[in-house]
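**Q** Please read through the structure below; I'll follow up with questions.
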Amino acid sequence: MAEQTGKKFNWHIVVFLAPAVLVYTAVMIFPLFNTLRLALYTETENIRQFVGLDNFRTLFGDPRWSESFWNALANNFWFFFIHMLVQNPIGILLAAILSHPRLRFAGFYRTAIFIPTILSFVIVGFAWKLILSPIWGIAPSLLDAVGLKSLFAPWLGREEYALTTLALISVWQFVGIPMMLIYAALLSIPEEMLEAGEIDGITGASAFWKIKLPLILPSIGIISILTFVGNFNAFDLIYAAQGALAGPDFATDILGTYLYRTFFGFQLQLGDPHMGSTIATAMFAIILIGVCIYLFGIQTRLRRYQF
Amino acid sequence: MSTATARSNLGNTIAAHAILITWTVIALFPVFVILINSLKTRKAIFREPLALPNAESFSLVGYQTVAKQGDFFLYFQNSMIVTVVSLTFILLFGAMAAFALSEYRFRGNSLMGLYLALGIMIPIRIGTVAILEMMVATGLVNTLTALILVYTAQGLPLAVFILSEFMRQVSEDLKNAGRIDGLSEYAIFFRLVLPLVRPAMATVAVFNMIPIWNDLWFPLILAPGEETKTLTLGSQVFIGQFVTDWNAVLSALSLAILPALVLYLIFSRQLIRGITSGAVK
């Protein structure tokens with residue numbers, strides 16, 4: 001280590017690094033790998049036994065496990081799909097409007113639209129549950145006011161709507177994040193570039209599509225991967241709104257809630273740390289694949305512009 | 001020509017405001033409904049959910065139930081301790097590591113940077129099974145220490161990443177002048193560098209504050225005991241128990257919303273500046 005012009009060992013580097021590296025290694029990296037390791041074991045009569053990939057065979061092959069797993073995985077992809085389809089376009093639209101240089105009250109809109117993002121899932125889940133509740137009747141009476149009362153259904157209670165409804169609630173909560181990141185990216189586009197476009201007759205909406213959008217593509221890439229990672233370890237909203245059983249009839253079960261029920265146990269079901277680790281490993285693999293696709297497939301192809 | 005452009009500009013401005021107002025209403029409506037109804041009688045909540053509380057419908061019965069049944073002050077205190085202590089560790093340890101990485105050349109520097117950056121993309125929740133096992137083995141289950149350790153580890157990767165970017169910009173001359181004056185490396189870090197990266201520290205603090213304060217997963221798994229419940233978990237459990245008592249549920253929700261809202265309004269400028277300054281690009 002002592003390389004700084006052959007001086008004595010630089011203890012201060014160790015002192016500066018040690019606390020962060022120790023806490024990070026002990027509480028994050030070590031448990032992460034330990035969880036991957038635990039997925040290879042099982043417990044019979046209080047003795048931990050190495051079983052190789054048996055747990056994975058059970059998870060993917062045994063119908064008692066695999067049905068729930070594929071259900072949770074499919075639901076998770078749907079959850080992600082809704083976010084990509086609704087959250088990010090709305091976020092980009094709001095950011096594009098907000099970044100207009102002569103817009104009044106931009107600060108107020110920005111602050112207000114970001115408020116749901118700072119609330120906890122518990123608040124968001126319950127608040128929407130109450131608002132959508134047929135007992136309270138806020139949603140039906142609002143729909144009645146615009147003549148659409150017939151559209152009302154107890155969305156959170158119906159198998160076919162519940163997951164989409166929850167995904168839209170999550171979109172409502174998090175739209176502030178893509179909005180802010182895209183807003184920042186749009187602000188960093190130099191004025192000269194837009195002026196050059198103006199001289200060529202590219203203004204208004206076509207300036208957005210032809211000049212700004214290509215320049216903010218890297219930010220859209222980052223938002224997509226953040227959304228992916230966030231959605232594939234989501235748990236709180238579903239738990240707060242629908243409980244650990246992710247009802248109705250597991251229609252809103254995603255990997256996070258499935259992991260929670262499996263490893264922690266719920267009601268009559270006993271917790272199983274080894275199957276829990278197996279699910280966590282599967283989640284780790286999915287997130288890793290997503291991150292790799294982003295890093296090697298998307299990010300390297302997007303040209304980065306340095307201003 | 002010019003009047004046509006002016007007209008279309010006006011049209012665009014109106015459309016822009018219409019879209020922004022619509023979304024602002026959508027964003028604030030649920031919060032507004034919860035807050036106003038928490039101040040009404042049960043009858044008024046159901047009869048006119050969208051009306052503001054007036055002399056006749058005003059009632060604090062929900063808040064009274066919350067005060068009697070729930071230990072919200074304790075929960076609030078727990079959340080406060082966990083958030084403040086975790087943030088302190090994240091900032092102190094993160095800044096120290098960032099300083100080591102940005103200031104000194106040593107073998108394994110970039111490898112260490114990469115190692116610490118891994119945690120930006122990999123969520124710490126994946127390791128929950130082993131974290132719980134470790135906390136059980138060390139007797140830290142149902143202590144705030146367990147939560148503080150987890151949140152510190154969770155916050156460090158991004159903190160190191162952001163802070164080292166900023167520390168690279170601190171003038172080399174300033175540090176060398178300090179060295180010539182005989183300051184130790186520690187004094188250079190604490191007295192010269194830290195004050196200069198204060199804005200970046202604030203950004204890191206605000207970024208970490210919200211997820212720590214709002215987390216439900218780790219309090220639920222590591223510290224579900226009555227003594228260690230955080231505000232998020234406490235309100236979740238309370239609401240679950242009082243599901244049919246609408247006054248109590250609405251009041252509990254309002255009590256959970258208010259601290260977050262106040263904190264946000266205090267720090268929103270910092271947060272927005274942090275995001276838009278490109279700290280997370």
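The values are calculated or read from the model by the stated rules, or taken from the named source; none is laboratory data. Just so you know, these numbers come straight off a predicted model, no measurement behind them. Heads up, the Cβs are rebuilt from the backbone with ideal geometry, glycines too, and the neighbour counts pull from every protein chain shown. Areas reflect the complete protein model, heavy atoms only, side chains present, ligands, DNA and RNA absent. Shrake-Rupley method; radii C 1.70, N 1.55, O 1.52, S 1.80 Å.
**Q** Report yes if some residue within segment B:108-127 is within 11 Å of chain A (Cβ to nearest Cβ), over 25 Å from the mean Cα position of the chain (by Cα) and not in a loop (DSSP other than H, G, I, E, B); otherwise report no. Let's see the steps before the verdict.
**A** At the first step, the residues of segment B:108-127 found to be within 11 Å of chain A (Cβ to nearest Cβ) are B:108-109, B:112-113, B:115-127.
Filter again for over 25 Å from the mean Cα position of the chain (by Cα), leaving B:108-109, B:112.
With not in a loop (DSSP other than H, G, I, E, B) added as a condition, the list becomes B:109, B:112.
Scanning segment B:108-127, I find at least one residue that is within 11 Å of chain A (Cβ to nearest Cβ), over 25 Å from the mean Cα position of the chain (by Cα) and not in a loop (DSSP other than H, G, I, E, B), so the answer is yes.
**Q** In segment B:157-215, what residues are modelled with pLDDT under 90, of a type in the set (Asp, Glu) and under 30 Å from A:Asn233 (Cβ atoms)?
**A** Across segment B:157-215, the qualifying residue is only B:Glu165.
**Q** With the checklist (1) part of a helix (DSSP H, G or I); (2) closer than 30 Å to B:Leu132 by Cα in hand, flag the one item B:Phe190 doesn't pass.
**A** (2)
**Q** Return a yes/no flag: does segment B:57-70 have any residue that is within 26 Å of A:Leu132 (Cα to Cα), at the interface with another protein chain (Cβ under 10 Å from one of its Cβ atoms), loosely packed, with under 14 Cβ neighbours inside 10 Å and free of Cβ contacts under 8 Å to residues at least 60 places away in the same chain.
**A** no
**Q** Just give me the residues in segment A:72-88 being farther than 18 Å from A:Val175 by Cβ and open to solvent by 50 Å² or more (accessible area, probe 1.4 Å), in sequence order.
**A** First pass over segment A:72-88, keeping only residues farther than 18 Å from A:Val175 by Cβ: A:72-78.
Passing the criteria: A:Ala74, A:Phe77, A:Trp78.
**Q** So A:Leu268 fits all but one of (1) open to solvent by 10 Å² or more (accessible area, probe 1.4 Å); (2) modelled with pLDDT of 90 or more; what number is the exception?
**A** Every condition holds for A:Leu268 apart from (2).
**Q** Follow-up. Restricting attention to segment A:70-79, does a residue exist that is within 7 Å of chain B (Cβ to nearest Cβ) and modelled with pLDDT of 90 or more? Before the answer, list the steps.
**A** Of all residues in segment A:70-79, those within 7 Å of chain B (Cβ to nearest Cβ) come to none.
Within segment A:70-79, not a single residue is within 7 Å of chain B (Cβ to nearest Cβ) and modelled with pLDDT of 90 or more.
**Q** Here are A:Ala95, A:Ala139, A:Ala106, A:Ala72: which of them is within 24 Å of the chain's Cα centre (by Cα) and farther than 30 Å from B:Leu149 by Cβ? Spell out the reasoning first.
**A** Values: A:Ala139 fails: within 24 Å of the chain's Cα centre (by Cα); A:Ala106 fails: within 24 Å of the chain's Cα centre (by Cα); A:Ala72 fails: farther than 30 Å from B:Leu149 by Cβ.
Just one listed residue meets the conditions, A:Ala95.
**Q** Do we have any residue at all in segment A:168-189 that's touching a helix residue (DSSP H, G or I) at 6+ places or on another chain (Cβ under 8 Å), farther than 24 Å from B:Val206 by Cβ, open to solvent by 20 Å² or more (accessible area, probe 1.4 Å) and modelled with pLDDT of 85 or more?
**A** Pass one, segment A:168-189, residues touching a helix residue (DSSP H, G or I) at 6+ places or on another chain (Cβ under 8 Å): A:168-187, A:189.
Next, only the ones that are farther than 24 Å from B:Val206 by Cβ stay: A:168-169, A:189.
Going one step further and asking which of them are open to solvent by 20 Å² or more (accessible area, probe 1.4 Å), we end up with A:168.
Narrowing further to those that are modelled with pLDDT of 85 or more: A:168.
Yes, the conditions are met somewhere in segment A:168-189.
**Q** Follow-up question, since we're still on this one. Quick one: is A:Ile216 among the β-branched types (Val, Ile, Thr), open to solvent by less than 10 Å² (accessible area, probe 1.4 Å), on the phi < 0 side of the Ramachandran plot and at pLDDT below 90? Walk me through it before giving the result.
**A** Numbers: among the β-branched types (Val, Ile, Thr): yes; open to solvent by less than 10 Å² (accessible area, probe 1.4 Å): yes; on the phi < 0 side of the Ramachandran plot: yes; at pLDDT below 90: yes.
In short, yes.
**Q** List pairs: first residue in segment B:17-32 and within 7 Å of chain A (Cβ to nearest Cβ) and open to solvent by 30 Å² or more (accessible area, probe 1.4 Å), second residue assigned to a helix (DSSP H, G or I) and among the small types (Gly, Ala, Ser) anywhere in the structure, Cβ distance under 7 angstrom, at least six positions apart or on different chains.
**A** Final answer for the pair search is B:Leu28/A:Ala112.
**Q** Going through segment B:162-181 one residue at a time, which ones are in contact (Cβ under 8 Å) with a residue 60 or more places away in the chain and either among the basic types (Lys, Arg) or within 14 Å of another protein chain (Cβ to nearest Cβ) (or both)?
**A** Matches in segment B:162-181: B:Ile162, B:Leu163, B:Ser164, B:Met167, B:Arg168, B:Lys175.
**Q** Something else now. What is the number of the single condition among (1) open to solvent by 10 Å² or more (accessible area, probe 1.4 Å); (2) more than 29 Å from A:Ser120 (Cα to Cα); (3) not β-branched (Val, Ile, Thr) that A:Gly197 does not meet?
**A** For A:Gly197, the exception is condition (1).
**Q** Can you work out which of the residues in segment A:89-98 that are more than 8 Å from chain B (Cβ to nearest Cβ) and surrounded by fewer than 22 Cβ atoms within 10 Å (Cβ to Cβ) is nearest to B:Ser235 (Cα to Cα)? Give the steps one after another, and end with the answer.
**A** Start the filter on segment A:89-98 by keeping residues that are more than 8 Å from chain B (Cβ to nearest Cβ), which leaves A:89, A:91-92, A:95-96.
From what is left, the residues that are surrounded by fewer than 22 Cβ atoms within 10 Å (Cβ to Cβ) are A:89, A:96.
Details: A:Pro89: 33, A:Ala96: 37 Å.
It comes out as A:Pro89.
**Q** While we're here: Looking at A:Ala251, A:Ala285, which one is open to solvent by 10 Å² or more (accessible area, probe 1.4 Å) and within 18 Å of A:Glu67 (Cα to Cα)? Give the steps one after another, and end with the answer.
**A** Details: A:Ala285 fails: within 18 Å of A:Glu67 (Cα to Cα).
On inspection, the qualifying residue turns out to be A:Ala251.
For (1) more than 30 Å from B:Leu231 (Cβ to Cβ); (2) at pLDDT 95 or above; (3) of a type in the set (S, T, N, Q); (4) open to solvent by 20 Å² or more (accessible area, probe 1.4 Å), each residue gets a yes or a no:
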{"residue": "B:Gln77", "(1), (2), (3), (4)": "no, no, yes, yes"}
{"residue": "B:Met80", "(1), (2), (3), (4)": "no, no, no, yes"}
{"residue": "B:Ile90", "(1), (2), (3), (4)": "no, yes, no, no"}
{"residue": "B:Gly94", "(1), (2), (3), (4)": "no, yes, no, no"}
{"residue": "B:Tyr104", "(1), (2), (3), (4)": "yes, no, no, no"}
{"residue": "B:Ala117", "(1), (2), (3), (4)": "yes, no, no, yes"}
{"residue": "B:Ile120", "(1), (2), (3), (4)": "no, no, no, yes"}
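**Q** If you don't mind, there's one more thing I want to ask. Out of the helices (runs of 4 or more DSSP H) lying entirely within segment A:113-184, which hold 2 or more residues that are within 13 Å of B:Val31 (Cβ to Cβ) and either touching a residue at least 40 places away in the same chain (Cβ under 8 Å) or facing another protein chain (nearest Cβ under 9 Å) (or both)? So that I can check it myself, show each step before the final result.
**A** Details: elements: A:121-132, A:138-145, A:159-174.
Answer list for segment A:113-184: A:121-132, A:159-174.
**Q** Any chance segment B:215-224 includes a residue that's under 16 Å from A:Phe126 (Cβ atoms), touching a helix residue (DSSP H, G or I) at 6+ places or on another chain (Cβ under 8 Å), free of Cβ contacts under 8 Å to residues at least 60 places away in the same chain and not in a helix (DSSP H, G or I)?
**A** If we filter segment B:215-224 for residues that are under 16 Å from A:Phe126 (Cβ atoms), which is where we start, we get B:216, B:220.
The next check asks that each one be touching a helix residue (DSSP H, G or I) at 6+ places or on another chain (Cβ under 8 Å); those that pass are B:216, B:220.
Still in the list and also free of Cβ contacts under 8 Å to residues at least 60 places away in the same chain: B:216, B:220.
After this cut, where a residue has to be not in a helix (DSSP H, G or I) as well, the list is B:216.
The answer is yes; a qualifying residue exists.
**Q** All but one of (1) free of Cβ contacts under 8 Å to residues at least 24 places away in the same chain; (2) within 19 Å of A:Asn10 (Cβ to Cβ); (3) among the basic types (Lys, Arg) hold for B:Arg191, so report the exception by its number.
**A** Looking at each condition in turn, B:Arg191 falls short on (2).
**Q** For A:Gly197, indicate whether it is on the phi > 0 side of the Ramachandran plot and free of Cβ contacts under 8 Å to residues at least 60 places away in the same chain. Outline the logic, then answer.
**A** Working: on the phi > 0 side of the Ramachandran plot: no; free of Cβ contacts under 8 Å to residues at least 60 places away in the same chain: yes.
For A:Gly197, the condition - on the phi > 0 side of the Ramachandran plot and free of Cβ contacts under 8 Å to residues at least 60 places away in the same chain - is not met.
**Q** Could I ask something else about it? In the list A:Ala234, A:Ala244, which residue meets the criterion of being part of a loop (DSSP other than H, G, I, E, B), over 19 Å from A:Trp65 (Cβ atoms) and in the same structural domain as A:Ser188 (by TED's automatic domain parsing)?
**A** Details: A:Ala244 fails: over 19 Å from A:Trp65 (Cβ atoms).
The conditions single out A:Ala234.
**Q** From the list A:Tyr258, A:Tyr239, which residue is assigned to a helix (DSSP H, G or I) and at the interface with chain B (Cβ under 10 Å from one of its Cβ atoms)?
**A** Criteria check complete, one pass: A:Tyr239.
**Q** Given (1) surrounded by fewer than 13 Cβ atoms within 10 Å (Cβ to Cβ); (2) not assigned by TED's automatic domain parsing to the domain that holds A:Leu237, identify the lone condition not met by A:Arg102.
**A** Here A:Arg102 clears every test but (2).
**Q** Any chance segment B:46-54 includes a residue that's aromatic (Phe, Trp, Tyr), open to solvent by 10 Å² or more (accessible area, probe 1.4 Å) and in the same structural domain as B:Glu227 (by TED's automatic domain parsing)? Explain how you work it out, then say what you get.
**A** Initial filter on segment B:46-54 (aromatic (Phe, Trp, Tyr)): B:46.
Remaining after also requiring open to solvent by 10 Å² or more (accessible area, probe 1.4 Å): B:46.
Within this subset, residues satisfying the condition of being in the same structural domain as B:Glu227 (by TED's automatic domain parsing) are none.
No, there is no match, as no residue in segment B:46-54 is aromatic (Phe, Trp, Tyr), open to solvent by 10 Å² or more (accessible area, probe 1.4 Å) and in the same structural domain as B:Glu227 (by TED's automatic domain parsing).
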